[in-house]
Amino acid sequence: MPWFVKIEAGIVDKPTFDKYVPAHKEYVRELIAKGYKARSGYWAERGGGMLLFEAASRAEAEAIVAQDPLVKNNCVKYELFEWCVVVE
């Protein structure tokens, strides 16, 4: 399956953002359980974060991102990219 990357930046204050982090973490755990090999984290040096996951298609990747609680609650702006793996 292709890999996809959602690179995001927060657009709300920290208390609002932090309110949805537990739901985001649970969502990522659900993606892992469903076989999407998801990983989520943040940039230590520059702020913002990233969600890396597999999906069958760009349309599926877009649907996955749309259900992320950080996206659903308008906490982040993001870009979605297909990541082409050259070495495994």
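Quick check: net charge around residue 68, other residues with Cβ under 15 Å of its Cβ, Lys/Arg +1 and Asp/Glu -1?
Here the count lands on +2.
Using only Cα atoms and rounding to the nearest 10 degrees, what angle (0 to 90) does helix 14-33 make with the longest principal axis of the chain?
20
Defining a contact as two alpha carbons under 8 Å apart and six or more residues distant in sequence, what relative contact order in percent does the chain show?
49
Sequence gap of 8 or more, or different chains, plus Cα separation below 17 Å: how many lysine pairs satisfy both in the chain?
Here the count comes out as 12.
Ordering 81, 53 by how much accessible area each has at a 1.4 Å probe, largest first, what is the list?
Listed by decreasing accessible area, they come as 81, 53.
Roughly speaking, to the nearest percent, how much of the chain's 1.4 Å accessible area is carbon and sulfur?
In the chain, the share of accessible area belonging to carbon and sulfur is 56 percent.
Kindly sort 88, 45 by accessible area of their heavy atoms, largest first, with the probe set to 1.4 Å.
Ranked from most to least accessible, the order is 88, 45.
Treating only the Cα positions of the range 28-88 as identical point scatterers, give the base-10 log of I(q)/I(0) from the Debye formula at each q in 0.23 Å⁻¹.
The Debye formula, applied to the Cα set alone, gives -1.13.
The values are calculated or read from the model by the stated rules, or taken from the named source; none is laboratory data. Predicted, not measured: the structure shown is a model, and the values here were computed from it. Note that each Cβ is placed from the backbone with ideal geometry, even for glycine, and that neighbours are counted across all protein chains shown. Each accessible area value is taken on the protein alone, full model and side chains, heavy atoms only, with ligands, DNA and RNA left out. Shrake-Rupley method; radii C 1.70, N 1.55, O 1.52, S 1.80 Å.
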